[in-house]
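Data first, discussion second: the structure below is written as structure tokens.
Each value in this text was obtained by applying a stated rule to the coordinates, not by laboratory testing. Worth saying up front: this structure is predicted, and the values here are computed from it rather than measured. All Cβ positions, even for glycine, are placed from backbone atoms using ideal geometry, and neighbour counts span all protein chains on display.
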């Protein structure tokens, strides 16, 4: 017994050493994730020549003009023919917000509608709808991009909001699954009480059940908004005349690099300022909703 | 969508995840028996009206999602399948049925074209990178976060950061960090390292750099998912382990892993699909290059980069659908195989 106790004590001590070693390893990994942005922030305050001379030194005086240039100076060319126009970063920011708000609202709304009906109502094809959701999420079919693009071009939906809604506001995707789980945990007795008081299915859904789902709706809205904000492919292919931040930043950086290429290399400090400005909104958003996001990810848990 | 949650993954893996019948109700008005209807014709009308309202409600709630699914999944996929059996006719600006022409071309290229072969090999390597390296690393990292390594909460948030940033930003940041303009070369030079490799211009190093990026940026989401799954393991089991003096390695592989197996299987499965879907990482890291001699092209990138005119659509559709047809059964088979393990573990 005494021997066993000693063994446990040693294990505990060994575990502590292991944990501190892992702490050091995690520190290095975390540093590799954060350091590039710190380094870019340091260098974004340098003039191009100073950066060219020494990329590791602090700037002699921190110059914020690169950030101003990033927001209101540099721009990308969008559109074609008579519709060619310049879009600055502030414009991309506006496009991103506009699209993200519309698409998130519609995606969550359509998903809530579908999830509610599939959860509570018995009708032919109910299980099939659930199967469709799971199947389309698990089974990726590639090779449809040309056909899809052709369809949008022929129907005049390219570069339009209805086109983006059709592409992104799914109603039978990830948000559906989350809200389906949410409705399963919500007692039907609320709806029964509403029905006794004379409420029809529409009023029951909009005025009783949907408000009760507010925490889940907020949570899924945050996650959905981040995914739309960061989406590159859809705006790049189907909405290129109105570049969003996630799409436009790549073009912007390539343009700045080519345009500023010269004796002292490209204007990397300005490019770093552009990257930091592009990252800032989503980092602020993450800081505001960090608990919601992390809890959503952790609490969902997985159980066999 | 780059962000997924644990509960979604749970739904995907569980066979019993279909809507439970006991939760479903027939609407606000229950259907009457035939006898009741005969006795009270007025009530019959009322009930019928209620059922109609419920039916209208169901239709209205589902009309957009089903309409959208019919177009964006049904029509597009069926059309893509059809297009893969056609060829583009420039004179009539339309697709003409051409039988297996595109598939024959595809098989010829698979047999003789190095670029196509490399594309498939590189894509297949993403399976190794995602499921063989990234996923096990995520499990180990999650376990130590669960074991309350100092500052675990802060680390969890930092590790998740890459998941909320646009891929373009993160990939370009990684790209700029290396190379002549980045800090890595400067740092290595100042530490005395000379003759540094061309990170983005060497046929050996460059593909590895793309994989390193995928691991570096891809751990966070899985770590959060696994941490969530581990936090649900009953404390009694872990307390029992401690009393028995179970070591960390044993606890991780013999206790934790079986307990989080459904999560593992699902993330493994989704990791496998990266073979078909990954393209943005090499696209940005290789500076949007359409053709690169560094073997970094993937199946999706091949399709994304090569579509410029309608003439290319039939071959690209054939290429994509063929890859999907080959790989999807492998994914589903792997899932069925993995689900055979740890079936008796329940809590």
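Some values worked out for this structure:
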{"read-out": "Shape parameters for the stretch A:72-231, alpha-carbon atoms, Rg then Dmax in Å", "value": "19.4, 62"}
{"read-out": "Part-to-part distance (alpha-carbon centres) for the stretch B:121-185 and the stretch A:55-116, which is given in Å", "value": "25 Å"}
{"read-out": "With eigenvalues of the C-alpha gyration tensor scaled by 5 and rooted, the protein assembly as shown, Å", "value": "42, 35, 26"}
{"read-out": "Förster-model FRET efficiency, 51 Å R0, residue A:127 and residue A:34, C-beta, rounded to 0.05", "value": "0.65"}
{"read-out": "Net lengthening on full extension, residue B:216/residue B:231 (0.36 nm per residue, minus Cα-Cα)", "value": "3.0 nm"}
{"read-out": "Inter-part distance where the stretch A:177-216 and the stretch B:205-255 are each reduced to a Cα centre, Å", "value": "37 Å"}
{"read-out": "Segment residue B:111-residue B:137, extension gain: residue separation times 0.36 nm, minus the distance between their alpha carbons", "value": "5.8 nm"}
{"read-out": "Cα-based shape type of the stretch B:118-196, given that a ≥ b ≥ c are square roots of the gyration tensor eigenvalues and the cut on a/c is 1.5", "value": "oblate"}
{"read-out": "Anisotropy class of chain A from Cα gyration tensor, a/c 1.5 cut", "value": "oblate"}
{"read-out": "Förster radius 45 Å - calculated FRET efficiency between residue A:17 and residue B:330 (Cβ-Cβ, nearest 0.05)", "value": "0.60"}
{"read-out": "Point-to-point label distance, residue A:68-residue B:89, nm (Cα→Cβ direction, 7 Å offset)", "value": "6.2 nm"}
{"read-out": "Using a Förster distance of 56 Å, the FRET efficiency for residue B:188-residue A:82 (Cβ separation, nearest 0.05)", "value": "0.65"}
{"read-out": "Contact order normalised by residue count of the stretch B:103-338, Cα under 8 Å, 6+ apart, percent", "value": "31 percent"}
{"read-out": "Least to most buried among B:138, B:94 (fewest other Cβ within 10 Å first)", "value": "B:94, B:138"}
{"read-out": "Gyration tensor (alpha-carbon) shape descriptor, the stretch A:1-134, a/c threshold 1.5", "value": "oblate"}
{"read-out": "Sequence of B:341, A:180 once ranked by neighbouring C-beta atoms within 10 Å, starting from the fewest", "value": "B:341, A:180"}
